[in-house]
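The values are calculated or read from the model by the stated rules, or taken from the named source; none is laboratory data. Here the structure is a predicted model, which means the values were calculated and not measured. Note: ideal-geometry Cβ built from the backbone for every residue, glycine included; neighbour counts use all protein chains shown. Please note that ligands, DNA and RNA were not included when accessible areas were found on the heavy atoms of the full protein model with its side chains. Shrake-Rupley method; radii C 1.70, N 1.55, O 1.52, S 1.80 Å.
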Amino acid sequence: MSTVFTKIIRNEIPSYKIAEDENNLAFLDVFPLVYGHVLVIPKQETDYIFDMSSDEYIDLFRFAKQVSKAMSKVIDCKRIGIAVVGLEVPHAHIHLVPLNNIEDINFQRPKLNFSEEKMHEIADKIRSVI
C-alpha cells in the first residue's frame, strides 16, 4: 500500500515541491512547526531510514544538504535543524526545520497553518535559490 509520500511522488496528491532529482524529493511540510519547514524523502519507498542502502542514505543526506543551503539563504533563521523521527508516515524522511531556538523543533507544539498562497510563496522563495 502506498504511503502519502509515495502519492506525492506520483503526483496523485498535491504538494509544494522545493527540489527533485532522480532519487529524492523535497517539499514543504503541510503541518509545519515553523515557517519554511521542509520534508526530504527518497523516492524509493522504505519505511525505516536505517533500512536504506548506504548509497541511498548518503544520497538522501547529500540532497537534504543542498536543500538546507538554499533554505539558509532565504529564510531568516540561525540554523537549519534536522530531525529524523519516522513515526508519522511509514516512509523514510528528514525534517529540515529553520531554527532560532530549540523550541522551533519541538514536535509536540501546535503545528502552524499557512494559506495556500503563503505556502506557494515559501516554496517559490526556496526554489529560487536552488
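Scanning segment 77-130 for residues that are small (Gly, Ala, Ser) and either more than 23 Å from LYS7 (Cβ to Cβ) or in contact with a Cys (Cβ under 9 Å, 6 or more places away or on another chain) (or both) yields GLY81, SER128. Scanning segment 9-32 turns up at least one residue that is closer than 17 Å to ILE126 by Cβ, surrounded by 15 or more Cβ atoms within 10 Å (Cβ to Cβ) and without any contact (Cβ under 8 Å) to a residue 24 or more places away in the chain. Residue pairs whose Cβ atoms lie under 8 Å apart, separated by 6 or more positions or on different chains, with the first residue in segment 33-52 and farther than 14 Å from SER68 by Cα and the second open to solvent by less than 30 Å² (accessible area, probe 1.4 Å) and polar (S, T, N, Q), are PRO42/ASN24; LYS43/ASN24; GLU45/THR3; GLU45/THR6; MET52/THR46.
Can you spot a residue in segment 51-59 that is of a type in the set (S, T, N, Q) and either closer than 23 Å to ASP21 by Cβ or buried (at least 17 other Cβ atoms within 10 Å of the Cβ) (or both)? Checking segment 51-59: at least one residue is of a type in the set (S, T, N, Q) and either closer than 23 Å to ASP21 by Cβ or buried (at least 17 other Cβ atoms within 10 Å of the Cβ) (or both). Taken over segment 82-101, residues that are small (Gly, Ala, Ser) and within 15 Å of ALA26 (Cα to Cα) amount to 2. Within segment 81-96, the set of residues being part of a strand (DSSP E or B) and open to solvent by 30 Å² or more (accessible area, probe 1.4 Å) comprises ILE82 only. Looking only at segment 97-127, filter to residues that are touching a strand residue (DSSP E or B) at 6+ places or on another chain (Cβ under 8 Å) and part of a helix (DSSP H, G or I); which one of those is surrounded by the most Cβ atoms within 10 Å (Cβ to Cβ)? Among those residues, the one meeting the criterion is ILE126. Of a type outside the set (Ser, Thr, Tyr), open to solvent by 100 Å² or more (accessible area, probe 1.4 Å) and touching a residue at least 12 places away in the same chain (Cβ under 8 Å), is that true of LYS78? When the stated conditions are applied, LYS78 passes them.
Tally the residues that are touching a strand residue (DSSP E or B) at 6+ places or on another chain (Cβ under 7 Å) and farther than 18 Å from THR3 by Cβ, restricting the search to segment 36-58.
Step one: filter segment 36-58 for residues touching a strand residue (DSSP E or B) at 6+ places or on another chain (Cβ under 7 Å), giving 36-43, 52, 56.
Next, only the ones that are farther than 18 Å from THR3 by Cβ stay: 36-37.
Total meeting the criteria: 2.
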